[in-house]
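**Student:** Have a look at the structure that comes next, please.
The values are calculated or read from the model by the stated rules, or taken from the named source; none is laboratory data. Everything quoted here is computed from the prediction, not taken from an experiment. Cβ sites come from the backbone with ideal geometry, for glycine too, and all protein chains shown count toward neighbours. These area figures cover heavy atoms from the full protein model, side chains too; ligands, DNA and RNA do not enter into them. Shrake-Rupley method; radii C 1.70, N 1.55, O 1.52, S 1.80 Å.
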Amino acid sequence: MTGRETDQAEDRLFLRSQLSDIAQIPPWIESLASRYAIPENIGFAINLCLEEAVSNITRHGYGADSDGSVIVRFTTPKQELFVFIVEDDAQHFNPLDVLTPNTRGKLGGRRPGHSLPSPFRRQARIRTDAHR
Amino acid sequence: MAITTEELAGGITKVILEGRLDVENSPAVDLRMNAIAGSRNSVLVDLRDVSFLGSMGLRALVSPALAIQGRGGKIVLFGPNEMVARVLKLSGIETLIPVHHELQSALAAFQ
């Protein structure tokens, strides 16, 4: 099943583990932004985080399985606090289990690479900015 | 996502990107940018009409940039909106590829 669901408590977006399903995220965020007055820059950042998280789940978590489930839940427990939770059943991955001492050093030093810094770090930034 | 090119004076190729540089669109842009990077040494990437830039989009900019710079060429990004500029800054890409907000300074970077 893919698509949206809304009830009083939360909004949910149901996706399959296919990169094409990621195209459903921006219109969903736009819809939430208009209903919950989410500022444009915060909406952009949310898009960035969700695209990164869902594409990683799809490409690395599920891999060849294109029928895996990804659910994005949205709640706004209080004014100007927007919470997104991404749920999946893909195999677990803990980078600390596979990093060699060498790569730990590289990550710690944040050497520039081809991709963005960790979405978790970015989430922390967004949270900070949203409450300035 | 649209990608068009324009030849400017001084042998500069202007690449105009329009739309979202996201997971869905970036592979096609990546392919086209790498083809351009393979044959041009001075590339100005016009980002004024790019509304979103994700990590796959960054890859579509960085890979060709490294190819051009590796041959001694120059690539410059021009006119990102505030949010796209923030992604370029947070990701550290602006330390690899110069970002200009004015066309004049972007063109001057090729002198």
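**Student:** So what is the accessible area of region B:1-107 per residue, in Å², with the probe set to 1.4 Å?
**Tutor:** In whole numbers, region B:1-107 has 43 Å² accessible per residue.
**Student:** Can you give the helix-only mean residue ellipticity at 222 nm for chain B, where every DSSP H stretch with n ≥ 4 adds -39500 (n - 2.57) and the sum goes over all residues, rounded to the nearest 500 deg cm²/dmol?
**Tutor:** Rounded to the nearest 500, the figure is -11500 deg cm²/dmol.
**Student:** Please give the contour-minus-distance gain from residue A:83 to residue A:34: 0.36 nm per residue of separation, less the Cα-Cα distance, rounded to one decimal in nm.
**Tutor:** 16.0 nm
**Student:** Can you find, among B:99, B:84, B:3, the residue sitting farthest towards the positive end of the charge dipole of chain B, where Lys and Arg contribute +1 and Asp and Glu -1 at Cβ?
**Tutor:** Towards the positive end, the residue furthest out is B:99.
**Student:** Also, I was wondering about something else. Run the simple label-point estimate for residue B:66 and residue A:10 please: 7 Å along Cα→C-beta, distance reported in nm.
**Tutor:** Going by the 7 Å Cα→Cβ label model, 3.8 nm.
**Student:** A further question follows. Mind checking the dipole of chain B: about its Cα centre, +1 per Lys or Arg Cβ, -1 per Asp or Glu Cβ, Debye to the nearest 20?
**Tutor:** 320 debye
**Student:** From the square roots a ≥ b ≥ c of the eigenvalues of the alpha-carbon gyration tensor of region A:5-57, which class results: rounded (a/c under 1.5), prolate (a/b over b/c), or oblate?
**Tutor:** Note, shape of region A:5-57 comes out oblate.
**Student:** In addition: Going through region A:1-86, which GluC sites (Glu not before Pro) have at most 16 other Cβ atoms within 10 Å and a DSSP loop state?
**Tutor:** A:10, A:80
**Student:** Kindly compute the accessible surface that chains A and B hide from a 1.4 Å probe when together, both sides summed, and give it to the nearest 100 Å².
**Tutor:** 1900 Å²
**Student:** Under the classification rounded if a/c is under 1.5, otherwise prolate if a/b is larger than b/c and oblate if not, where does chain B fall, given a ≥ b ≥ c as square roots of the Cα gyration tensor eigenvalues?
**Tutor:** Rounded shape, in that the Cα axes give a/c under 1.5.
**Student:** Here's a follow-up. Can you list residues whose amide H is under 5 Å from residue B:5's amide H, if they're 5+ apart or on another chain and H is modeled 1.01 Å from N?
**Tutor:** Amide H neighbours of residue B:5: B:16.
**Student:** Whenever you get a sec, compute what percent of the accessible area on chain B sits on carbon and sulfur atoms (1.4 Å probe).
**Tutor:** In chain B, the share of accessible area belonging to carbon and sulfur is 51 percent.
**Student:** With each pseudo-label sitting 7 Å past Cα toward Cβ, what's the residue B:6-residue B:18 distance in nm, one decimal?
**Tutor:** Computed distance between label sites residue B:6 and residue B:18 equals 1.1 nm.
**Student:** Any idea what the relative contact order of region B:45-111 is, in percent, if you count C-alpha pairs under 8 Å spaced at least 6 apart?
**Tutor:** The value is 39 percent.
**Student:** Can you tell me how region B:52-111 classifies by the Cα gyration tensor, rounded, prolate or oblate, using a/c under 1.5 as the rounded cut?
**Tutor:** The shape class here is oblate.
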